[in-house]
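Q: This is the structure I want to talk about, given as structure tokens.
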Amino acid sequence: MAKGNRITLYDLQLANGITTSPFVWGIRYALAHKGFDVDLVPGGFTGILDRTGGRTERLPAIVDDGKWVLDSWLIAEYLDETYPDRPALIPHACMTPLAKGLDNWFFSTGARVWIKALAVQYRARAHEADHEYITQTRERMWGGKLEDLIIGREKRLAEVLPQLQPLRNVLAESAWLGGDSPNYADYRILSVFLTMSSLADIPILTDDDPLRDWVERGLDLFDGLGRDPRLSPLFGFKPQPGDPEPFLKGGAIGGPAKRNTGPQSTAEETAHITGKPAPAPR
Ligand SMILES: N[C@@H](CCC(=O)N[C@@H](CS)C(=O)NCC(=O)O)C(=O)O
């Protein structure tokens, strides 16, 4: 399998050749994690069925020594099953539903809002041949003209930010979603940021977002796979007066986000919920 350590990946690209699909980005990271060299098959949104010999309408797809595998989750599972001697993407089966849960939450909370806010760029940066297809399909998918979807986007971008607090809470306790080292859970979330970065004519995260450290480390992985100069800045969003606080300053103070190691560890939360000042440490 994987002749010469190479696997073919069918890409979904913009006109400048950068990958745009989050599902493909996830597999680019997955293949790098497994240590494979990748032959990228270029191409845009139209003609996928022809390009893949009638095998699929959606990407990613990989070909491993003649074997076709479709779907980003199925590809990750295939890579782990076929190459168990290489670093695991999904180190335990119980991780799959958990990471899919996170993935689904992130798509509905972040990606859904961001992609509509970048809808005009989605078409503008695509191959010319894809413009009509994108207009037709995405206007149906997203429920409005692309030009209309971006009206008032700054407000909606500001409203997403506090909703990302669960992710910040987890990453305040752990270097990666995978624990001490990144795994497919990290790549799934990072991939959404990479998609937005392929499209962003406006940054989506504030400069000081606590997620920044994890995002930057993710972009640096595998010799800077996410540092392509064709990607646009993600950081630099400026909330306006009246917008919600983008994140909890000082981090979360209790509940699932904080470990109870005795009264000192809960003093701040206790002060918050009782309204009484925290006693001096004993
Ligand atoms: N469940 C699939 C979803 C793949 C998918 O929807 N890919 C989109 C790109 S983001 C696609 O190929 N779109 C082609 C089109 O819109 O015609 C996976 O995880 O691989």
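The values are calculated or read from the model by the stated rules, or taken from the named source; none is laboratory data. Note that the structure is a prediction, hence the values are computed from the model and not measured. Note: ideal-geometry Cβ built from the backbone for every residue, glycine included; neighbour counts use all protein chains shown. Keep in mind that these areas ignore ligands, DNA and RNA; they rest on the heavy atoms of the full protein, side chains included. Shrake-Rupley method; radii C 1.70, N 1.55, O 1.52, S 1.80 Å.
Q: Assuming ALA200 fulfils every condition listed in (1) surrounded by fewer than 21 Cβ atoms within 10 Å (Cβ to Cβ); (2) out of contact with any strand residue (DSSP E or B) (no Cβ under 8 Å at 6 or more places or on another chain); (3) not hydroxyl-bearing (Ser, Thr, Tyr) apart from one, which condition is it?
A: Condition not satisfied by ALA200: (1).
One line per residue, one yes/no per condition, for (1) more than 24 Å from GLY224 (Cα to Cα); (2) not hydrophobic (A, V, I, L, M, F, W, C):
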| position | (1), (2) |
| --- | --- |
| GLY43 | no, yes |
| GLY47 | yes, yes |
| GLY53 | yes, yes |
| THR56 | yes, yes |
| LEU59 | no, no |
| SER72 | no, yes |
| ALA76 | no, no |
| ARG86 | no, yes |
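Q: So, one more: What pairs can you find where one residue is in the range 100-114 and at negative phi, the other is assigned to a helix (DSSP H, G or I) and open to solvent by 70 Å² or more (accessible area, probe 1.4 Å), and their Cβ atoms are less than 6 Å apart, with a gap of 6+ or different chains?
A: Pairs found: THR109/GLN163; VAL113/ARG156.
Q: Follow-up question, since we're still on this one. Considering only residues of the range 67-119 that are open to solvent by 80 Å² or more (accessible area, probe 1.4 Å) and within 12 Å of the ligand (Cβ to nearest atom), which is farthest from PHE36 (Cα to Cα)?
A: ASN104
Q: If you scan the range 1-20, which residues turn out to be open to solvent by less than 10 Å² (accessible area, probe 1.4 Å) and either within 14 Å of the ligand (Cβ to nearest atom) or under 19 Å from the mean Cα position of the chain (by Cα) (or both)?
A: Residues satisfying the conditions are LEU9, ASP11, LEU14, ILE18, THR19, THR20.
Q: So which residues in the range 43-65 are away from the ligand (no atom under 14 Å from the Cβ) and either in contact with a helix residue (DSSP H, G or I) (Cβ under 9 Å, 6 or more places away or on another chain) or closer than 19 Å to PRO182 by Cα (or both), if there are any at all? It would help to see each step written out before you state the result.
A: Here is the first cut: in the range 43-65, the residues away from the ligand (no atom under 14 Å from the Cβ) are 53-54, 63-65.
ASP64, ASP65 - these are the residues of the range 43-65 that are away from the ligand (no atom under 14 Å from the Cβ) and either in contact with a helix residue (DSSP H, G or I) (Cβ under 9 Å, 6 or more places away or on another chain) or closer than 19 Å to PRO182 by Cα (or both).
Q: Now for a separate question. So is ASP201 touching a residue at least 12 places away in the same chain (Cβ under 8 Å) and assigned to a loop (DSSP other than H, G, I, E, B) or not? First the steps, then the outcome.
A: Details: touching a residue at least 12 places away in the same chain (Cβ under 8 Å): yes; assigned to a loop (DSSP other than H, G, I, E, B): yes.
Yes: the conditions hold for ASP201.
Q: Would you be able to say whether some residue in the range 229-250 is under 13 Å from TYR29 (Cβ atoms) and part of a loop (DSSP other than H, G, I, E, B)?
A: Scanning the range 229-250 turns up no residue that is under 13 Å from TYR29 (Cβ atoms) and part of a loop (DSSP other than H, G, I, E, B).
Q: Take ILE151 and tell me if it is of a type in the set (Val, Ile, Thr), within 19 Å of ALA124 (Cβ to Cβ) and surrounded by fewer than 21 Cβ atoms within 10 Å (Cβ to Cβ).
A: yes
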